[in-house]
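Undergrad: First the structure, then my questions, so here it is.
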Amino acid sequence: YPSVLTFSVLFACFLVWGNNYYWLRVSSTRSEKTAAVSYVLGALVLLIPGVILSFVGVYASSLFPDHFSPYGDGDPTSAFGVVLQALPIGVAAFSLLGALAASISTSTTALMGASSTAVRDLYQRYVKPNATPGQLTVPSKIITLVLGLLVWLLCFYPGGPLYLFAFSSAWLGPPSVLVFLGVWWKRTTVQGAFYGGVIGIVVLVIFTVLDL
């Protein structure tokens, strides 16, 4: 690390292929062909911010070569802030607003997904099975507020939001493996995927607890 291989595995498996956002969007398309084409086009669009961020990193490393060199003491994630300080105030403001908008868009999608899952799978199933959509409005708002406060409190956990993001992204790796198995190995079944995931979690917990 760093290398193209590790970048591809970390970015693709732990952020894209295993991400439930993409599969929620794919399941709402009109046809399988539309889903496949949209997935490819989405990958091409995703290259645009990747290229922009690469230029940001190159510019920051050229300004402070000792700070961002492979042997420097600088944090690579601070490159964006370094570049903003070097830009005119107007350009920096719009760049900061763009990054903020992107983060809010992602976080709100996650919050809506978590709240809708809690309402449908927990509240409606165990508390009020016959609730109408109108009757689910107030519980949905309350659950969304509670989940938002819970996430805000978790941000004070040692390591902060970056640690939470890394922890949550780690859960996206196994689903990406199941995607590959489902595409290339026809013997993959729902039961096999479920028990494989459970066994993997148990084994990883044992390895972590025993510090292997």
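The values are calculated or read from the model by the stated rules, or taken from the named source; none is laboratory data. Since we're looking at a predicted model, the values are computed, not measured. Here the Cβ positions follow ideal geometry from the backbone for every residue, glycine too, while neighbour counts run over all protein chains shown. Ligands, DNA and RNA are stripped out before the accessible areas are found, and what is left, the full protein with its side chains, is counted by its heavy atoms. Shrake-Rupley method; radii C 1.70, N 1.55, O 1.52, S 1.80 Å.
Undergrad: Out of these labelled values of Rg and Dmax of the Cα atoms in Å, (1) 21.0, 64; (2) 16.3, 55; (3) 18.5, 60, which was calculated from the coordinates shown here?
TA: Recomputing Rg and Dmax of the Cα atoms in Å here gives the entry labelled (1).
Undergrad: Helices from the chain with mean Kyte-Doolittle at least 1.0 and a Cα length along the axis of 24 Å or more, per DSSP H: which? Let's see the in-between values first.
TA: Numbers: long enough: 32-63 (47 Å, 1.57); 89-118 (43 Å, 1.29); 137-154 (26 Å, 1.97); 190-209 (29 Å, 2.14).
Helices meeting the span and hydropathy rule in the chain are 32-63, 89-118, 137-154, 190-209.
Undergrad: Based solely on C-alpha atoms, express the radius of gyration and the Dmax of segment 115-212 in angstrom.
TA: Answer for segment 115-212, Rg first and Dmax second: 18.2, 51 Å.
Undergrad: Let me ask you something else. Pairs of Cα atoms under 8 Å, at least six residues apart: use those to get the relative contact order of the chain, whole percent.
TA: 29
Undergrad: Find which of 138, 8, 175 sits farthest along the positive direction of the dipole of the chain, computed with +1 on the beta-carbon of Lys and Arg, -1 on that of Asp and Glu, about the Cα centre.
TA: Positive-most Cα among the choices belongs to 138.
Undergrad: Apply 1/(1 + (r/R0)^6) to the Cβ-Cβ distance of residue 152 and residue 36, taking R0 = 35 Å, and write down the FRET efficiency to the nearest 0.05.
TA: 0.40
Undergrad: Moving on. Explain nothing, just the number: dipole magnitude of segment 60-174 about its Cα centre with +1 on each Lys and Arg Cβ and -1 on each Asp and Glu Cβ, in debye rounded to the nearest 20.
TA: Dipole size: approximately 720 debye.
Undergrad: Could you sort 184, 171 by their accessible area in this structure, using a 1.4 Å probe and putting the largest first?
TA: Listed by decreasing accessible area, they come as 184, 171.
Undergrad: At what distance in angstrom do the alpha carbon centres of segment 134-212 and segment 73-104 lie from each other?
TA: One Cα centre to the other: 30 Å.
Undergrad: Further question: Enter the accessible area of residue 157 (Å², nearest 10), with the probe set to 1.4 Å and all protein chains included.
TA: It works out to around 120 Å².
Undergrad: Which value in deg cm²/dmol, rounded to the nearest 500, describes the helix-derived mean residue ellipticity at 222 nm for the chain, given -39,500 (n - 2.57) per DSSP H run of n ≥ 4 and division by the residue count?
TA: -23000 deg cm²/dmol
Undergrad: Placing unit charges on C-beta atoms (Lys and Arg positive, Asp and Glu negative, everything else neutral), compute the dipole magnitude of the chain about its Cα centre in debye, rounded to 20.
TA: It works out to roughly 1040 debye.
Undergrad: Separate question: Identify, among 107, 24, 52, the residue whose Cα sits farthest towards the positive end of the charge dipole of the chain, taking +1 on the Cβ of Lys and Arg and -1 on the Cβ of Asp and Glu, with the dipole about the Cα centre.
TA: 24
Undergrad: Related question: Before anything else, pin down the relative contact order of segment 41-115: Cα pairs under 8 Å, at least 6 apart, normalised by residue count, whole percent.
TA: 19
Undergrad: If I model a spin label at residue 206 and residue 170 as a point 7 Å from the Cα along the Cα→Cβ vector, what separation in nanometres do I get?
TA: Using points 7 Å along Cα→Cβ, the separation is 1.8 nm.
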